[in-house]
Structures are given as structure tokens and as C-alpha cells.
Amino acid sequence: GTPQKYDPTFKGPIYDRGCTDIVCCVLLVVAILGYVVVGIVAWTHGDPRKVIHPTDSRGQFCGQQGTPNDPLVLLEFQCPTTQVRPDPSGPRRSPNSPGNPAAPLLPVQICVSKCPDRYLTYLTAHGNAASLEYYRNFCTPEFKNSRKAPIEVLKDKECPAMLIPSTPLARRCFPAIQAKKGVIMVGNETTYNDGYGHRRNVTELLEGAKKANVVLETRQLAMKIFEDYTVSWYWIIIGLVIAMVASLIFIVLLRFLAGIMVWVMIVMVILVLGYGIFHCYMEYAKLKGEAGSDVSLTDLGFQTDLRVYLHLRQTWLAFLIILCVLELVIVLLLVFLRKRILIAIALIKEASRAVGHVMSSLLFPLCTFFLLCLCIAYWASTAVFLSTSNEAVYKVFNESACPFSGQTCKPETFNTSNVTKLCSDAQCLFAFYGGETAYHKYLIALQFFNVFMFFWLANFVIALGQVTLAGAFASYYWAFKKPDDMPAFPLFSAFGRALRYHTGSLAFGSLVLAIIQVIRVTLEYLDHRLKAAENKFAKFLLSCLKCCFWCLEKFIKFLNRNAYIMIAIYGTNFCTSARNAFFLLMRNIIRVAVLDKVTDFLFFLGKLLIVGSVGILAFFFFTHRIKLVQDTAPPLNYYWVPILTVIVGSYLIAHGFFSVYGMCVDTLFLCFLEDLERNDGSAEKPYFMSQNLRKLLKKTNKGQPEA
């Protein structure tokens with residue numbers, strides 16, 4: 001804490017500290033070790049190829065070098081509709097239940113080197129040697145006897161009944177549907193032979209390939225966007241550099257222009273309200289004596305056409321009264337809060353000076369961003385490996401009655417088992433991915449742990465960044481002679497203190513926030529599952545819980561932020577810091593409100609100015625409207641691609657700069673409040689605030705040289 005007697009060598013309360021919340025630190029380390037173990041187990045059992053590569057009916061991947069399935073593309077024999085044949089001797093049962101007499105007819109899928117490029121049926125190809133040789137490319141490996149009767153080949157599903165011109169998309173063959181003059185065609189044909197002697201319209205294929213066409217169009221759009229990026233990337237970088245320079249200049253100028261911008265804003269609000277009052281009075285006076293203008297609002301009632309109300313004198317009188325009340329309230333607030341507004345402006349100017357002395361703080365968000373990217377990458381990769389940890393499950397499929405239908409089987413031993421002897425048409429085909437081991441049963445719990453650890457670590461990284469910045473800016477405030485008494489590297493010193501002494505406190509705060517966020521995610525999941533439900537009470541209760549936890553998360557974020565600042569200043573544990581910060585702010589609630597609104601306005605103005613100016617510049621440049629550089633701008637498929645990229649990037653850059661500046665303002669504000677409460681300007685307890693703040697508050701340090 002603050003010493004009882006002033007010592008010229010004293011550098012503020014930020015250096016007197018010890019380890020805090022050690023239990024939470026140990027808990028975090030144990031959780032991280034467990035997270036690493038979960039990742040290793042997931043990476044051992046998982047196989048991301050299940051997401052990337054399609055599988056044939058045997059569960060083998062297509063397009064894998066050195067495997068029997070070197071061909072890249074997946075071909076499906078029939079439309080993917082589940083068909084179940086009824087039991088002639090009784091009612092139909094679930095196809096996957098033991099003893100089901102008939103299993104669903106799943107589409108047969110094989111891996112092929114390329115998709116079909118022509119219409120052809122097996123009945124047609126069977127009578128032509130060249131056509132049959134081409135057709136064999138799309139048959140199963142079991143198809144050996146070309147003299148086998150066509151009806152037997154189709155019954156055994158060794159070859160498809162027909163081939164349709166197809167295109168590869170996402171390693172799968174889809175009908176090559178195209179529109180010519182409004183007519184839907186496949187392979188320049190509007191009808192096709194289904195292989196069983198019937199002519200069908202190609203529009204029947206449209207529904208099955210609709211999603212494929214969407215993906216194809218999306219891929220074409222992505223290729224054009226990628227081309228735009230390849231020719232405009234360096235101009236985009238230049239635009240982002242301009243945004244970064246503009247953000248830096250704006251923060252530097254706040255030292256000189258903060259007061260002017262705030263007072264100009266206040267005067268503009270007063271003038272706008274004054275004009276509103278004048279306009280309402282003129283409209284009220286103009287309607288005097290006009291027919292129907294004296295009808296009261298209660299007599300008129302509710303009207304869907306809101307313009308009707310503008311022809312009533314009572315409407316403009318109500319507007320006039322509301323604006324007059326607002327104008328009076330704002331003027332009274334200015335009269336009574338002018339000193340607090342001046343303090344807020346002085347703190348903003350002081351924050352600009354602090355950032356100027358700790359310039360490395362403007363680059364620190366890059367470190368936080370890098371650590372967050374690591375958390376996201378580890379979480380995403382672990383989630384993918386966990387979701388692909390299931391093993392291939394094979395089941396018996398058949399058309400005729402069979403007691404083994406729907407039971408699990410092993411392809412390696414299926415042909416020598418009793419199943420083939422009792423059921424001649426039974427096949428052991430890949431059904432789905434699953435598993436019966438303890439690991440597979442607890443996959444959902446492991447995924448939940450993965451999500452929880454992601455929130456915990458992400459919040460910990462953000463907390464580490466906030467404590468580091470708060471410690472660096474607190475070292476500026478608590479330097480009696482600014483900046484001579486500051487450490488040589490304030491940012492690195494604050495980072496070291498945070499990790500060495502306060503990892504447990506950061507883990508505590510981030511753990512509380514992570515628990516709330518996981519609950520919110522769970523509520524969102526339940527809400528998604530209950531959308532189709534008819535229980536209105538459950539929906540209402542869920543909406544209330546979502547609202548409550550949203551408010552709770554916002555409050556905890558606010559409390560954590562200020563608790564981290566107190567941790568950086570005094571080195572107390574999380575609970576003590578949160579309590580002290582909360583009551584300190586409550587004792588100065590009006591100052592908090594004024595400072596918050598003033599800084600919000602300045603940040604909004606800064607972001608609007610930077611993003612708007614850079615966005616307008618990018619628009620005129622990429623649309624060739626700047627004559628000096630018309631020939632320099634690259635030709636583009638979509639000029640909005642680089643423009644939107646520059647706008648979004650400029651916003652993120654400005655947000656990163658202003659987040660540092662906002663942390664600086666909040667830190668200096670809490671230090672300022674602590675300084676006022678703990679010190680009195682005497683020789684034993686001098687003020688650490690700057691000379692400008694002391695003059696504003698009419699405070700002096702007795703017997704001490706002015707900073």
C-alpha cells in the first residue's frame with residue numbers, strides 16, 4: 001500500500017506484492033495438463049480424413065495413396081433414399097433392430113478415377129464390348145464375370161443400372177446440370193433412360209444436385225474473390241498501414257484536441273435540440289386553424305399510417321415538450337457536472353501522455369491476438385480429432401428375410417461366416433461411425449471439457465493482456481516524477497509481474513467468466529433444440545435464463561476488468577481486488593458515468609473517422625475514380641472485395657489501438673480515485689497525479705516539488 005511517510009525513492013504501490021490465489025494457479029496447471037492429455041488421446045484415436053475424404057460402402061477412404069482406393073472420386077449407385085421392405089409374415093420393424101427380416105437398401109458407393117461423362121445403361125453396354133469395358137470402371141471390384149446375366153448383375157449391385165454425365169465436386173460425382181435458355185439439361189439432354197426401360201425427365205435429378213450447384217457456384221465465387229486478392233493484396237496492406245498511422249495520430253492528437261472535441265459535441269447537441277424545439281413550434285403554429293388539426297390523439301386512436309399524426313397540433317406540442325425537457329436536463333447536467341467533465345477530459349489527455357511514454361503498449365494486442373489464435377487452433381484441432389475418433393461400424397444388409405439383418409459384422413470374416421450360408425444375398429456394408437469402448441462413450445464429455453478449457457484459456461489470455469497493460473500504465477501514474485521514475489521497460493516489467501505473482505488471480509477471474517459462458521452456450525444449444533417444441537413455458541423460462549446470464553456475463557466482464565487493474569496496482573488477490581474496485585467505483589459513480597460516456601463518444605468518433613476516411617479512400621481508388629492513380633488501380637472482378645477487407649481491417653486496427661487507450665484511461669482513473677482517497681498532499685502522503693489534474697482539483701503537494 002501507500003507508505004505513511006514520503007520517500008523520494010518510492011516508486012508507487014505496484015512493486016510491493018506477493019503470490020496470490022495459489023490454489024487457482026495449481027488448478028489451472030492441472031487443467032492444462034489434462035487438456036494436453038485429452039489432445040494427445042484425441043490425436044491418437046482421431047482421423048481427420050473422415051472429414052476431408054469420402055468413404056465407399058466398405059468404409060474405405062477415396063483418394064488415399066498406397067491404399068486399394070487410389071481413385072479420387074466417389075460414385076453412388078442410386079439415389080440416397082432409405083428403403084425398407086416389409087416382412088411378409090408380420091409387421092415392419094426397425095431396420096437396425098436385431099432379427100429384422102429385411103434391412104434398408106443403402107446406396108452402393110465406390111471410388112472411381114473419374115466421373116462418368118456420358119449417358120449409358122448397363123443393358124445397353126452389355127451387348128457392346130467397348131461400352132462394357134468403359135462401364136467396368138464404375139462397377140464394384142467383385143464384378144468379374146462379364147457374361148453374367150444383366151438382371152443378376154443389377155440384383156447383386158455389382159454395377160449401376162445407368163450412368164449420367166457428372167462433374168466432380170467435393171470428391172463426389174454429381175449430375176452435370178446446366179441451364180440453356182431457361183431449360184434444365186444434363187449432358188445436353190432433357191430426358192434420360194433409368195436403366196429399367198423408362199424415360200425420365202432430368203428435372204428429377206435437380207433436387208438431388210441442388211446443394212451441389214450451390215457449392216459449385218460458391219466455389220466459382222471464391223475463385224474470383226481469390227483472384228481479386230492476388231492482384232490487390234499490396235494495396236490492401238497499404239490501406240491498413242494508413243489506418244494504423246491514422247489511429248496513432250488520432251491518439252496523439254487527443255492530448256491536444258480531446259477538450260475541443262468534447263465541448264464541440266456538447267454544443268452541437270444543444271444546438272440540434274434547439275433547432276428541434278424551433279421546428280416543432282413552427283409546425284405547431286402553422287397548423288393553427290387548419291381543418292382536422294385540433295383532433296386529440298385519444299380521439300384519433302391508433303393508425304398504421306404514422307404520417308397522419310404529423311397533421312395534428314397535439315403531436316408537435318408533445319414533441320416540443322419532450323425536446324424542451326431534454327434541453328433543460330442537458331443544460332442542468334452541464335451546470336452541475338462541468339467539473340467532472342473537465343476531470344474526464346484531463347484524464348483522457350493524461351492517458352494520451354501515458355501511451356506516448358509506453359509506445360510498445362500499442363503493439364501488445366498483437367501478442368494477445370497470437371495467443372488467442374493458439375487457443376483457437378488447439379481447440380479446433382482437438383474438436384476435429386475427437387469428432388473423428390469413432391470407428392467404422394459394419395452391419396448386415398439384405399433384401400430378403402434374414403435373422404441377421406441389421407446386426408454388426410466384420411468384412412474380413414463375413415464371407416466365411418454363417419450369415420452368408422443362411423442369407424445368400426446378405427452383404428456386410430459400412431453403416432456409420434461409432435464405438436462401444438469407454439473412450440467412445442465419454443466422447444461427449446471430452447468435447448464439453450474441450451469447450452470449457454477453450455473459454456478458460458481464452459479468458460486467461462485476455463486477462464493477462466489487461467493486467468499487463470494496467471501494470472504498465474499504473475507504473476506511469478505512480479511515478480512521482482514522470483517519466484523519470486518509470487522503469488526502463490514498463491510493459492515487460494508488468495508482464496513479468498503478472499505471470500510471476502498473479503497467474504492464480506487471473507485463472508480465478510477467467511474461470512468464473514468461463515463457467516458463465518459455458519452455461520450460456522448450453523442454454524443456446526437447448527434453445528436450438530426446443531425451437532420445434534410447443535412448450536411455451538419452457539421457451540419463456542429459457543429466454544429469461546438467457547437474458548439473465550447475458551447480463552451476468554457483462555457484469556462479470558466489467559468487474560474482472562477493474563479487478564485486474566487493482567491487482568496490477570496493489571498485488572492483492574482476485575476477490576479483494578474485485579471488492580475494492582467495485583466499492584471504489586460505487587463511491588464515485590457519477591465520475592464513472594461521465595468518464596465512461598465521454599470516452600465512448602471519443603472512441604466512436606475516432607473509429608468512425610478512421611474507418612470512414614480509409615473506406616472512402618479505398619472506394620475511390622479501387623473504382624478508378626481518382627484520376628491521378630486511375631491506371632495504378634488493379635482490374636477486379638468485384639471491387640467490393642478489397643474495399644470491405646480494408647474497412648474491416650481498419651476497424652480491427654482502430655479497435656486494437658483504442659482498446660489499449662481505453663485500458664489506459666480506466667487504469668489512470670482508478671489510480672486517480674485511489675490517489676484522492678489515500679493521499680492528502682502532505683509531505684507524508686503526497687499526490688501522485690499530474691500537475692494539470694492537481695490544478696483542476698485545486699490540490700497541492702505541500703513541501704514537495706511539483707511534477
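The values are calculated or read from the model by the stated rules, or taken from the named source; none is laboratory data. From a predicted model like this one, the values you see are computed outputs, not experimental measurements. So basically every Cβ, Gly included, is an ideal-geometry build from the backbone, and we count neighbours across all protein chains shown. Side chains are part of the model used for accessible areas, which takes the heavy atoms of the whole protein and leaves out ligands, DNA and RNA. Shrake-Rupley method; radii C 1.70, N 1.55, O 1.52, S 1.80 Å.
Return yes or no: is Ile321 among the β-branched types (Val, Ile, Thr), part of a helix (DSSP H, G or I), open to solvent by less than 80 Å² (accessible area, probe 1.4 Å) and out of contact with any His (no Cβ under 6 Å at 6 or more places or on another chain)?
No, not satisfied.
Run down Gly681, Gly662 and say which single residue is more than 15 Å from Glu350 (Cβ to Cβ) and surrounded by fewer than 22 Cβ atoms within 10 Å (Cβ to Cβ).
Gly681
When the residues of region 621-650 are filtered to those that are assigned to a helix (DSSP H, G or I) and surrounded by fewer than 17 Cβ atoms within 10 Å (Cβ to Cβ), which remaining residue is nearest to the chain's Cα centre (by Cα)?
This residue is Val648.
Any residue at all in region 428-435 that's open to solvent by 100 Å² or more (accessible area, probe 1.4 Å) and either in contact with a Lys or Arg (Cβ under 8 Å, 6 or more places away or on another chain) or not in a loop (DSSP other than H, G, I, E, B) (or both)?
We begin by selecting, within region 428-435, every residue open to solvent by 100 Å² or more (accessible area, probe 1.4 Å); these are none.
The answer is no; no qualifying residue exists.
Those residues that are of a type outside the set (Val, Ile, Thr), over 21 Å from Asp600 (Cα atoms) and out of contact with any Leu (no Cβ under 6 Å at 6 or more places or on another chain), I need them from region 314-349; list them, please.
Scanning region 314-349 gives Trp316, Leu317, Ala318, Phe319, Leu320, Cys324, Leu328, Leu332.
Hey, does region 550-561 have a residue that's assigned to a loop (DSSP other than H, G, I, E, B) and open to solvent by less than 50 Å² (accessible area, probe 1.4 Å)?
So in region 550-561, the residues assigned to a loop (DSSP other than H, G, I, E, B) come out as none.
No, region 550-561 has no match at all.
Among the residues of region 17-67, write down those that are on the phi < 0 side of the Ramachandran plot, over 32 Å from the mean Cα position of the chain (by Cα), at pLDDT 65 or above and part of a loop (DSSP other than H, G, I, E, B).
Correct list: Arg17, Gly18, Cys19, Thr20, Asp56, Ser57, Arg58, Gln60, Cys62.
So that you can scan it fast, the table gives a plain yes or no per residue for (1) in the same structural domain as Pro141 (by the TED database); (2) modelled with pLDDT of 85 or more; (3) within 30 Å of Leu595 (Cβ to Cβ); (4) loosely packed, with under 11 Cβ neighbours inside 10 Å:
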| site | (1), (2), (3), (4) |
| --- | --- |
| Arg171 | yes, no, no, no |
| Ile177 | yes, no, no, no |
| Gly197 | yes, no, no, yes |
| Thr218 | no, no, no, yes |
| Leu254 | no, no, yes, no |
| Met265 | no, no, yes, no |
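Quick one: what pairs do we get from region 139-152, first residue of a type in the set (A, V, I, L, M), second surrounded by 10 or more Cβ atoms within 10 Å (Cβ to Cβ), C-beta under 8 Å, 6+ apart or different chains?
Note: no pairs meet the criteria.
Would you please list the contacts, defined by Cβ atoms under 6 Å and residues six or more apart or on different chains, that run from a residue in region 249-264 that is more than 18 Å from Ala654 (Cβ to Cβ) to a residue that is among the aliphatic types (A, V, I, L, M)?
Gly259/Ile345; Val262/Ile345; Val262/Val598
Could you run through region 229-264 and say how many residues are over 14 Å from Ala618 (Cβ atoms) and either touching a strand residue (DSSP E or B) at 6+ places or on another chain (Cβ under 8 Å) or of a type in the set (Val, Ile, Thr) (or both)?
Matching residues across region 229-264 total 9.
Results for (1) among the charged types (D, E, K, R); (2) surrounded by fewer than 19 Cβ atoms within 10 Å (Cβ to Cβ); (3) assigned to a helix (DSSP H, G or I), shown as yes or no for each residue.
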residue: Cys367; (1), (2), (3): no, yes, yes
residue: Cys373; (1), (2), (3): no, yes, yes
residue: Ser400; (1), (2), (3): no, yes, no
residue: Ser424; (1), (2), (3): no, yes, no
residue: Asn450; (1), (2), (3): no, no, yes
residue: Ala458; (1), (2), (3): no, no, yes
residue: Ala463; (1), (2), (3): no, no, yes
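Which pairs have Cβ atoms under 8 Å, sit 6 or more apart or on different chains, and link a residue in region 539-566 that is assigned by the TED database to the domain that holds Arg497 to one that is open to solvent by 70 Å² or more (accessible area, probe 1.4 Å) and charged (D, E, K, R)?
Sorted first by the residue in region 539-566, then by its partner, the pairs are Lys546/Glu524.
What is the residue count in region 579-608 for residues that are farther than 14 Å from Ile341 by Cβ and either among the hydroxyl-bearing types (Ser, Thr, Tyr) or open to solvent by less than 50 Å² (accessible area, probe 1.4 Å) (or both)?
Residues that pass the stated criteria total 7.
Can Lys410 be described as open to solvent by 70 Å² or more (accessible area, probe 1.4 Å), touching a strand residue (DSSP E or B) at 6+ places or on another chain (Cβ under 8 Å) and outside the structural domain of Gln691 (by the TED database)? Give the derivation first.
On the way: open to solvent by 70 Å² or more (accessible area, probe 1.4 Å): yes; touching a strand residue (DSSP E or B) at 6+ places or on another chain (Cβ under 8 Å): yes; outside the structural domain of Gln691 (by the TED database): yes.
Yes; evaluated as a whole, the condition is true for this residue.
Restricting the search to region 342-365, which residues are surrounded by fewer than 16 Cβ atoms within 10 Å (Cβ to Cβ) and not in a helix (DSSP H, G or I)?
Scanning region 342-365 gives a single hit, Leu363.
Which of the following residues is in contact with a Gly (Cβ under 9 Å, 6 or more places away or on another chain), in the same structural domain as Pro686 (by the TED database), hydrophobic (A, V, I, L, M, F, W, C) and open to solvent by 10 Å² or more (accessible area, probe 1.4 Å): Phe495, Phe489?
Details: Phe489 fails: in contact with a Gly (Cβ under 9 Å, 6 or more places away or on another chain).
Going through Phe495, Phe489 in turn, the sole match is Phe495.
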